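Take a look at the structure below.
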Amino acid sequence: MSMQLLIMLAAFFYSCKEKAHKIEIDIRPNILWIYLEDTAPLLGGYGTTLISTPNIDKLANEGVLYKNAYMPAPVCSAIRSSIITGTMATTLGAHNHHSSRTKQSAIPLPDNLQTIPEVFKEAGYFTFNNGKDDYNFIYKRSDLYSQEYKVHPLYGKSGVHIDLALLNDKQPFFGQIQLYGGKEIFAESFKANVKTPVDRSKIKLPPYLPDHPTIVEEYANHLDAIQITDEKVGDIITKLKDNNLLDNTIVFFFSDHGMRITR
């Protein structure tokens, strides 16, 4: 066998090995969190009939529906600190709302504790959070997320929007897309965005809420906010499908905690 042929065969097998290695990396699934704020489980999958949530229900019907999920904190920053670390906020000392926002009140994480995006980033994933972080501990954001960020006066660091169309199958991603959920009611365009307002006369409040017109209206607004959220979930799924990302993406849909009524 000639030396030239040996070199060609070696080059061929090396290229096959490299190609196989790349394929192994490419097929790792993407992970996407669709992360809501202040939203009660008033969805079709949980028996709600006053509104229609077809996009969210489709996720439940084609995936796993959790019926015994409990949030360990009732406010955004505490629960988000807990979820992103997989640790009770009280264990971290991050249970007070919007704590660790100054140098004097800074709360460091234990040296041996990694956040979920850090684990994915170290594994070679592109990581992003479209929206607020709202974490009650100090952290270097570039250790968690691959994207740029800006600083919100109330929520702190918030990720600059990443368009799903710019992602590709060459690098898997771990992403968080923040939706307003129950906080849609604070948007100036809220009423205009509700295509089919829920019939207030059909609302039956749960027994632990006072049967008062103000509470009925608040409850109805929450249902309308969920309808808006369902449309946005549909847009996200469509974007994944249009960019050939859906089949290799595991989607998690959840809220940080329940509805704000009646604080």
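The values are calculated or read from the model by the stated rules, or taken from the named source; none is laboratory data. Treat the numbers as computed from the prediction; the structure is a model and nothing was measured. Please note: Cβ atoms are built from the backbone with ideal geometry, for glycine as well, and neighbour counts cover all protein chains shown.
Laid out as a table, the results:
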{"item": "Cβ pairs under 6 Å, 6+ apart, first in the stretch 189-210 and under 13 Å from residue 50 (Cβ atoms), second at pLDDT below 95", "result": "205/211"}
{"item": "Counted residues, the stretch 104-126 - those being within 13 Å of residue 84 (Cα to Cα) and either at pLDDT below 95 or β-branched (Val, Ile, Thr) (or both)", "result": "3"}
{"item": "Qualifying residue in the stretch 2-21 (condition: in contact with a helix residue (DSSP H, G or I) (Cβ under 8 Å, 6 or more places away or on another chain) and either modelled with pLDDT under 95 or among the hydrophobic types (A, V, I, L, M, F, W, C) (or both))", "result": "no"}
{"item": "Top-ranked residue in the stretch 234-263 [being of a type in the set (A, V, I, L, M) and outside any helix (DSSP H, G or I); ranked as surrounded by the most Cβ atoms within 10 Å (Cβ to Cβ)]", "result": "259"}
{"item": "So residue 98, is it more than 24 Å from residue 246 (Cβ to Cβ), surrounded by fewer than 21 Cβ atoms within 10 Å (Cβ to Cβ) and without any contact (Cβ under 8 Å) to a residue 24 or more places away in the chain", "result": "no"}
{"item": "Single residue of 188, 231 found to be loosely packed, with under 13 Cβ neighbours inside 10 Å, of a type in the set (Asp, Glu) and either at pLDDT below 95 or not in a loop (DSSP other than H, G, I, E, B) (or both)", "result": "188"}
{"item": "Test result for residue 82, polar (S, T, N, Q), within 19 Å of residue 37 (Cα to Cα) and buried (at least 18 other Cβ atoms within 10 Å of the Cβ)", "result": "yes"}
{"item": "Qualifying residues in the stretch 101-153 (those that are touching a Pro at 6+ places or on another chain (Cβ under 8 Å) and part of a loop (DSSP other than H, G, I, E, B)) - the one surrounded by the fewest Cβ atoms within 10 Å (Cβ to Cβ)", "result": "124"}
{"item": "Residue 36 crowded, with 18+ Cβ neighbours inside 10 Å and not β-branched (Val, Ile, Thr)", "result": "yes"}
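Okay, residues lined up against (1) out of contact with any Lys or Arg (no Cβ under 7 Å at 6 or more places or on another chain); (2) within 30 Å of residue 161 (Cβ to Cβ); (3) not hydroxyl-bearing (Ser, Thr, Tyr):
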site	(1), (2), (3)
175	yes, yes, yes
182	no, yes, yes
186	yes, yes, yes
191	yes, yes, yes
195	yes, yes, yes
203	yes, no, yes
208	yes, no, no
213	yes, no, yes
